[in-house]
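Engineer: I have a structure here, written as structure tokens, and I will follow up with some questions on it.
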Amino acid sequence: MTAFDTAMNRDTPSRRLEHRKALWTLTLLLIVYAAVFWSSLMSMAAIWWRSETYAHGMLIPLISLWLIIRKRSHLTTLETGPDWAALIPLLGLCLVWLLGRAADVLAVEQMATTLILITLVIVALGRTVARALAFPLAYLIFAVPFGDQLTPYLQQITADITVKTLKLSGVPVYFNGFLIEIPTGRFEVAEACSGLRYLIASVAIGTLYAHLTYRSLHKRLVFIAASVLVPILANGIRAYLIVMIAHLSDMKYATGIDHLIYGWLFFGLVVMLMFWVGSWWRDPEAAFNPGEEASTVSRLMGERSRSQGYATSAAALVILLLTCSWGQLMKRAPQFSALPIQQFSLPPWIRQPAEALDWHPDFVGADRIFHATYRVDRDDAIGLYIADYQSEHQGKELINDVNRWYTANVWTPVGHATRTVPVGSGQLEVNELELRTLDGNMRRIWYWYYAYMRPVANPLEVKLLQALNKLSGAHEVASAYALAVDYEDSRTADAVLIRFLNDSWPELVTASP
């Protein structure tokens, strides 16, 4: 009799009763979970529905459920029961969820929501079952919409590959940042051309394929690595082919909607080719191997559950309900009315209308905005922009992807860095953003934030300070500050910006606009 047969014979009435209790416990916890984290779950679903990049998220829960159903006959042979030790990570993840919610960092909130779900399975069914379901549960992480932070890096990689391959093809090319210019026309590697949607889809599909096709961990890791690298390289080649088709057809083809259609067709071909090559090393029994499951059962059958019975489940319910209560208290934080806009007097600089510099930042939902242009000499014009947020909610945040320091269809970023500049007797850390138009005009923007009574350059640090601010009940105003200057000489731009900062500091951040 094999180890698998022995394990199957242990499906006794007491074991079935144990399983039913564990499943009822899990069902109760999931009902409470859905009630507590409903808004976070719906925020993920909304992104799946409206975003092409994360549309695959709708399928992830179904795929995970299918993977679990495939193991149902073997799960009945495993010992089940609440695991008290899982309450510790559950408590920690609930705190992370609260922190993400307080800071309005949707990715953190949604990731914590997903990990809490996985932890609840461990709480209700125990580590033995959780280990058997490790991949289906871990695969749920692909349902979380995250990865937008990779976009500028992927844009740069795509631009570099395109430029190098064009040069190898003998096409004269001039490039600056994401702008590529050849004799027949100009091209921009926009955010939509970064290949992020190809990369995320490839990794999600490739990870599932590796799990179902291989038994060796080495093979699985190699294929997953390939599913990361291949779409990045393929997207660069795709961009090159689009530029070449447009170049050879005198801009008649591969422009407008054409390049999107070509892109998806090319991506589909690359994925099929990757799977075909990967199938050469497939393990025939990898899709479903009872022997492998039997060895897992045999190894885990000896592990006794350290269940504390219903006390563990009750503790989990208490943690979820306390999380819900704290989250509701944060939602009831006092709301403030918008502050009045006053005049900024910063002698010797003379204030002029904001339109004098033709600079149009856009911060959605700010409670107060101050925007003006200042001159001290006839040729030295500098723009000042301040956006204040007294209360925040989703879509009305200081740190948000929809907020813009420039008009995207006019200016293209060609450089971004963090630097420290002298201000009075101290120093100020700022983010430096270099912009360029297709006509070659240059603009430099210095921006930073003011959160919890201190200037900050790092957006992540701002989010953390805002979360601490909200959790402590302080409700301090958080602000975004930016200075902009057009230039031909980089050194002249620095001199104007530093002069304005020193002339206006500390009134710039202590006075009410």
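Engineer: Residues of region 368-388 being free of Cβ contacts under 8 Å to residues at least 40 places away in the same chain, within 23 Å of residue 402 (Cβ to Cβ) and of a type outside the set (Val, Ile, Thr), which ones?
Structural biologist: Filtering region 368-388 for residues free of Cβ contacts under 8 Å to residues at least 40 places away in the same chain gives 369, 371-373, 375, 377-379.
Now restrict to residues that are within 23 Å of residue 402 (Cβ to Cβ): 369, 371.
Listed by number, the list holds a single entry, 371.
Engineer: In addition: Take region 391-411 and flag every residue that is surrounded by 14 or more Cβ atoms within 10 Å (Cβ to Cβ) and either acidic (Asp, Glu) or in a strand (DSSP E or B) (or both).
Structural biologist: 392, 396, 397, 404
Engineer: In region 422-450, which residues are of a type in the set (Gly, Ala, Ser) and more than 30 Å from residue 410 (Cα to Cα)? I'd like the intermediate steps shown before the answer.
Structural biologist: Residues of region 422-450 that are of a type in the set (Gly, Ala, Ser), as a first pass: 424-426, 440.
Hits for region 422-450 are 424, 425, 426.
Engineer: Could you count how many residues in region 445-474 are touching a helix residue (DSSP H, G or I) at 6+ places or on another chain (Cβ under 7 Å) and not small (Gly, Ala, Ser)? Reasoning before the result, please.
Structural biologist: Taking region 445-474 as the starting set, the residues that turn out to be touching a helix residue (DSSP H, G or I) at 6+ places or on another chain (Cβ under 7 Å) are 446, 449-452, 455-456, 467, 470-471.
After this cut, where a residue has to be not small (Gly, Ala, Ser) as well, the list is 446, 449-450, 452, 455-456, 470-471.
Qualifying residue count, region 445-474: 8.
Engineer: Within region 49-56, can one find any residue that is closer than 20 Å to residue 203 by Cα, among the small types (Gly, Ala, Ser) and touching a residue at least 60 places away in the same chain (Cβ under 8 Å)?
Structural biologist: Scanning region 49-56 turns up at least one residue that is closer than 20 Å to residue 203 by Cα, among the small types (Gly, Ala, Ser) and touching a residue at least 60 places away in the same chain (Cβ under 8 Å).
Engineer: In addition: Exactly one of (1) out of contact with any Cys (no Cβ under 9 Å at 6 or more places or on another chain); (2) crowded, with 22+ Cβ neighbours inside 10 Å; (3) touching a residue at least 40 places away in the same chain (Cβ under 8 Å) is unmet by residue 116. Its number?
Structural biologist: (1)
Engineer: Checking residue 414 against (1) exposed (fewer than 12 other Cβ atoms within 10 Å of the Cβ); (2) part of a strand (DSSP E or B); (3) of a type in the set (A, V, I, L, M); (4) modelled with pLDDT under 85: exactly one of these is not met. Which one?
Structural biologist: Of everything listed in (1) exposed (fewer than 12 other Cβ atoms within 10 Å of the Cβ); (2) part of a strand (DSSP E or B); (3) of a type in the set (A, V, I, L, M); (4) modelled with pLDDT under 85, residue 414 misses just condition (1).
Engineer: Still on this structure, I have one more. What number of residues in region 168-184 are surrounded by fewer than 17 Cβ atoms within 10 Å (Cβ to Cβ) and on the phi < 0 side of the Ramachandran plot? Before you say what the answer is, go through the steps one by one.
Structural biologist: Let us first name the residues in region 168-184 that are surrounded by fewer than 17 Cβ atoms within 10 Å (Cβ to Cβ), namely 168-170, 172, 174, 176, 181, 183-184.
Filter again for on the phi < 0 side of the Ramachandran plot, leaving 168-169, 172, 174, 176, 181, 183-184.
So the answer is 8.
Engineer: A further question follows. For the condition in a helix (DSSP H, G or I), touching a Phe, Trp or Tyr at 6+ places or on another chain (Cβ under 7 Å), outside the structural domain of residue 470 (by TED's automatic domain parsing) and closer than 30 Å to residue 399 by Cβ, what is the one hit in 57, 92?
Structural biologist: Only one candidate qualifies: 57.
Engineer: Okay, moving on. Would you check which residues across region 417-466 are among the basic types (Lys, Arg), under 24 Å from residue 153 (Cα atoms) and part of a strand (DSSP E or B) and list them? Talk me through it step by step, then tell me what you get.
Structural biologist: Going through region 417-466, the residues among the basic types (Lys, Arg) turn out to be 419, 436, 443-444, 454, 463.
So of that shortlist, the ones also under 24 Å from residue 153 (Cα atoms) come out as 419, 436, 443-444, 463.
419, 436, 443, 444, listed by residue number.
Engineer: Could you tell me whether region 246-257 includes any residue that is at pLDDT below 85 and of a type in the set (Val, Ile, Thr)?
Structural biologist: Within region 246-257, one or more residues are at pLDDT below 85 and of a type in the set (Val, Ile, Thr).
Engineer: Which residues, counting only those in region 134-153, are surrounded by fewer than 20 Cβ atoms within 10 Å (Cβ to Cβ) and either touching a strand residue (DSSP E or B) at 6+ places or on another chain (Cβ under 9 Å) or in a loop (DSSP other than H, G, I, E, B) (or both)?
Structural biologist: Listed by number, the residues that qualify are 146, 147, 152.
Engineer: Working carefully through the options 225, 192, find the one that is aliphatic (A, V, I, L, M), farther than 22 Å from residue 273 by Cα and either at pLDDT 80 or above or part of a helix (DSSP H, G or I) (or both). It would help to see each step written out before you state the result.
Structural biologist: On the way: 225 fails: farther than 22 Å from residue 273 by Cα.
192 is the lone residue from the list that is aliphatic (A, V, I, L, M), farther than 22 Å from residue 273 by Cα and either at pLDDT 80 or above or part of a helix (DSSP H, G or I) (or both).
Engineer: Considering 34, 86, which residue is in a helix (DSSP H, G or I) and surrounded by fewer than 17 Cβ atoms within 10 Å (Cβ to Cβ)?
Structural biologist: Numbers: 86 fails: surrounded by fewer than 17 Cβ atoms within 10 Å (Cβ to Cβ).
Of the residues listed, the single one that is in a helix (DSSP H, G or I) and surrounded by fewer than 17 Cβ atoms within 10 Å (Cβ to Cβ) is 34.
Engineer: Which residues, counting only those in region 33-58, are over 19 Å from the mean Cα position of the chain (by Cα) and not aromatic (Phe, Trp, Tyr)?
Structural biologist: 34, 35, 36
Engineer: When you go through 404, 378 one by one, which is the residue that is basic (Lys, Arg) and modelled with pLDDT of 85 or more? Write out each step before concluding.
Structural biologist: Numbers: 378 fails: modelled with pLDDT of 85 or more.
That would be 404, the only listed residue that is basic (Lys, Arg) and modelled with pLDDT of 85 or more.
The values are calculated or read from the model by the stated rules, or taken from the named source; none is laboratory data. Everything numeric here is computed off the predicted structure, so don't read it as measured data. Ideal geometry is used to build each Cβ from the backbone, glycine not excepted, and the neighbour counts take in all protein chains shown.
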